[in-house]
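The next block holds one structure in the form of structure tokens; read it before the comments.
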Amino acid sequence: MKVVAQRPESLTDAPFHYCPGCTHGIIHRLVAECLDELNLREQAIGICPVGCAVLAYDYFNCDMLEAAHGRAPAIATGIKRLLPDRLVFTYQGDGDLASIGMGEIVHASGRGENITVIFVNNAIYGMTGGQMAPTTLLGQVTTTSPYGRTAEQAGYPLKMAELLAQNQGAAYICRTAVNNPANVMRTKKAIKKAFQTQMQAKGFSMVEILSTCPTNWGLSPLEALEWLEKNMIPYYPLGEFKVS
Amino acid sequence: MAKGRVTFRTERCKACELCVRFCPQQILSLNKTMINPLGYHPIAVVREEACNGCGICALMCPDLVITVERE
């Protein structure tokens with residue numbers, strides 16, 4: 001018998017601290033598998049966000065750096081400009097990227113920085129206890145929108161992939177989900193394409209990945225996958241928004 | 001003889017059941033007679049002979065509990 005699925009080399013042996021059923025674990029594995037398959041582990045430099053994935057530097061078996069909240073694209077810019085032959089990626093959540101880090105991400109894509117952003121969108125602030133994020137859906141109950149988010153009070157959820165795809169500097173922008181095996185495979189393909197876009201020096205690349213937060217959504221892991229499919233995918237359509 | 005074989009690092013299982021939900025052969029289930037060091041009932045195979053080694057359980061596992069082998 002030959003092994004067909006096992007821990008990728010680009011992950012350390014540390015156990016993930018994520019809640020049961022949190023799809024961060026799946027996304028970590030996909031990023032690591034792409035690094036393995038493209039043989040880029042020795043060249044890769046990852047930037048961690050502030051948020052649930054703050055400890056990702058313990059999990060990825062490549063060079064990792066920690067950024068201040070939302071500033072991962074700025075740090076990635078500096079590293080990539082100094083070491084242009086490396087693969088530089090950031091791994092950010094929606095609170096990190098779409099809220100406090102909005103300035104950094106918009107200008108990094110506008111400048112066409114040759115970096116890759118893995119953007120995990122679960123429509124809520126996970127680590128701090130389930131507050132409303134810029135990506136929280138209308139009507140969604142969070143600890144800071146206990147009666148559901150309303151457009152009158154909090155405006156509309158931000159569609160980051162569509163927003164950044166308008167920038168001329170963006171080379172590859174895609175949105176995927178990890179709610180079933182087919183979408184997980186599509187996500188892996190998208191991450192690989194984003195890394196290849198960077199290695200071909202085409203410019204800024206981002207993969208927005210719709211993810212679950214069973215704990216803060218107040219659902220079981222399986223119910224959370226269903227909630228993602230029924231509520232998030234209709235508002236955040238999947239697909240490639242820019243390919244060059 | 002089964003075509004595939006799945007092995008688990010049960011001490012890391014958090015009982016989310018994503019593998020149970022997506023296994024096309026429906027051969028996985030939580031072992032309610034055991035509790036792992038994290039405090040969960042860990043994953044187990046119910047019908048070993050039916051595993052075809054497709055790897056979908058490992059694809060959906062967020063905690064890299066599962067290793068899959070195939071002939």
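The values are calculated or read from the model by the stated rules, or taken from the named source; none is laboratory data. In this text, all values refer to a predicted model and were calculated from it rather than measured experimentally. Note that we place each Cβ from the backbone using ideal geometry, even for glycine, and neighbour counts take in every protein chain shown.
Considering only region A:39-86, state which residues are part of a helix (DSSP H, G or I) and farther than 22 Å from A:G112 by Cα.
Looking only at region A:39-86, we keep the residues that are part of a helix (DSSP H, G or I), and these are A:41-43, A:52-59, A:72-82.
Selection gives A:R41, A:E42, A:C52, A:A53, A:V54, A:L55, A:A56, A:Y57, A:D58, A:Y59.
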(message) Return the pair list, or none, for Cβ contacts closer than 7 Å from residues in region A:173-185 that are at the interface with another protein chain (Cβ under 10 Å from one of its Cβ atoms) to residues that are of a type in the set (S, T, N, Q), at least 6 apart or on different chains.
(response) A:V178/A:T23; A:V178/A:T187; A:V178/A:S211
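To keep it simple, each residue is scored yes or no on (1) modelled with pLDDT under 95; (2) at the interface with chain B (Cβ under 10 Å from one of its Cβ atoms).
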| site | (1), (2) |
| --- | --- |
| A:A5 | yes, yes |
| A:D13 | no, yes |
| A:G46 | no, no |
| A:D58 | no, no |
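Quick test for you: out of B:E49, B:E71, pick the one residue that is farther than 21 Å from A:G25 by Cα and more than 9 Å from chain A (Cβ to nearest Cβ). Explain how you work it out, then say what you get.
Values: B:E71 fails: more than 9 Å from chain A (Cβ to nearest Cβ).
Answer to the check: B:E49.
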(request) Check B:R21 against each of (1) more than 7 Å from every other protein chain (Cβ to nearest Cβ); (2) over 9 Å from the mean Cα position of the chain (by Cα) and name the one condition it does not meet. (result) (1)
(message) With the requirement that a residue be within 11 Å of chain A (Cβ to nearest Cβ), touching a helix residue (DSSP H, G or I) at 6+ places or on another chain (Cβ under 8 Å) and either among the aromatic types (F, W, Y) or closer than 24 Å to A:A14 by Cα (or both), what does region B:24-43 give you?
(response) B:P37, B:L38
(message) Step by step: first the residues of region A:64-116, then only those that are touching a Lys or Arg at 6+ places or on another chain (Cβ under 8 Å) and of a type in the set (D, E), then the one that is farthest from A:M132 (Cα to Cα). Which residue is that?
(response) A:E113
(request) Please state which of the following conditions A:C22 fails to meet, knowing it meets all the rest: (1) farther than 14 Å from A:K188 by Cβ; (2) more than 7 Å from every other protein chain (Cβ to nearest Cβ); (3) surrounded by 19 or more Cβ atoms within 10 Å (Cβ to Cβ). (result) (2)
(request) State all residues of region A:1-19 that are free of Cβ contacts under 8 Å to residues at least 40 places away in the same chain and hydroxyl-bearing (S, T, Y); if no residue qualifies, say none. (result) A:Y18
(message) Being closer than 20 Å to A:S211 by Cβ and out of contact with any Pro (no Cβ under 8 Å at 6 or more places or on another chain) narrows it down to one residue among A:A53, A:A72, A:A68; which is it?
(response) A:A53
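What are the residues in region A:20-50 that are polar (S, T, N, Q) and either within 21 Å of A:S211 (Cα to Cα) or touching a residue at least 24 places away in the same chain (Cβ under 8 Å) (or both), if any? Walk me through how you get there before you give the answer.
Quick first cut of region A:20-50, residues polar (S, T, N, Q) only: A:23, A:39, A:43.
Result: A:T23, A:Q43.
Residues of region A:23-38 being assigned to a loop (DSSP other than H, G, I, E, B) and among the β-branched types (V, I, T), which ones? Can you show your working first?
The initial filter retains those residues of region A:23-38 that are assigned to a loop (DSSP other than H, G, I, E, B), namely A:23, A:38.
Once the filter is applied, which keeps residues that are assigned to a loop (DSSP other than H, G, I, E, B) and among the β-branched types (V, I, T), region A:23-38 yields only A:T23.
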